[in-house]
Amino acid sequence: MSSSTPKDILTFLRVGLLEAASYILLLGVAMPLKYLAKIPEPVKYLGWAHGLLFVGYLCILGWLVLARKWPFYLGILGFIAALLPLGPYVLERYLRKQGRLG
């Protein structure tokens, strides 16, 4: 991320990476602990964290579409990316290739 990247876009990228990491941890660590080891607490806490990051990611994405006038299709792609475990990582690469990150 270059120093010329606007703060709102940097925030979007950081929240997206955290959201993706929380989703991977939720699916790959917390869920197996809940169903295989009968330890439900990680799902509770990681689920809350992931939910907050997911909502934050979508709010910032909406801001970028409205305030920065990103095309509507990028909003749709961003939403779909949030539903996939590695989606925000892939979206970041796509946005870099498009030159929208700074």
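The values are calculated or read from the model by the stated rules, or taken from the named source; none is laboratory data. Only a predicted model underlies this, so the values are computations on that prediction, with no experimental measurement involved. Counting neighbours? That spans all protein chains shown, and the Cβs are built from the backbone with ideal geometry, glycine included. Surface accessibility is based on the protein's heavy atoms, side chains included, excluding ligands, DNA and RNA. Shrake-Rupley method; radii C 1.70, N 1.55, O 1.52, S 1.80 Å.
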Rounded to whole Å², per residue accessible area for the chain with a 1.4 Å probe reads 62 Å²
Quarter of the surface of the C-alpha convex hull for the chain, i.e. direction-averaged projected area in nm², equals 6.3 nm²
For the chain, the accessible surface attributable to carbon and sulfur atoms (probe 1.4 angstrom, ligands and nucleic acids excluded) amounts in percent to 72 percent
Measuring from the longest principal axis of the C-alpha atoms of the chain, the long axis of helix 41-67 (C-alpha) lies at a number of degrees, nearest 10, equal to 10 degrees
In degrees, nearest 10, the alpha-carbon axis of helix 7-25 is tilted away from the dominant principal axis of the alpha carbons of the chain by 20 degrees
For the chain, the count of lysine pairs 8 or more apart or interchain whose alpha-carbon atoms are under 26 Å apart comes to 4
Relative to the chain, whose Cα atoms define the longest principal axis, helix 87-98 and its Cα axis are tilted in degrees, nearest 10, by 10 degrees
Note to self, the chain gives a 222 nm [θ] from helices alone (DSSP H runs n ≥ 4, -39500 (n - 2.57) apiece, / all residues, nearest 500) of -24500 deg cm²/dmol
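Using DSSP to call loops (not H, G, I, E or B), can you name the trypsin sites (Lys or Arg not before Pro) in the range 1-101 whose Cβ has at most 11 other Cβ atoms within 10 angstrom?
Lys38, Lys69
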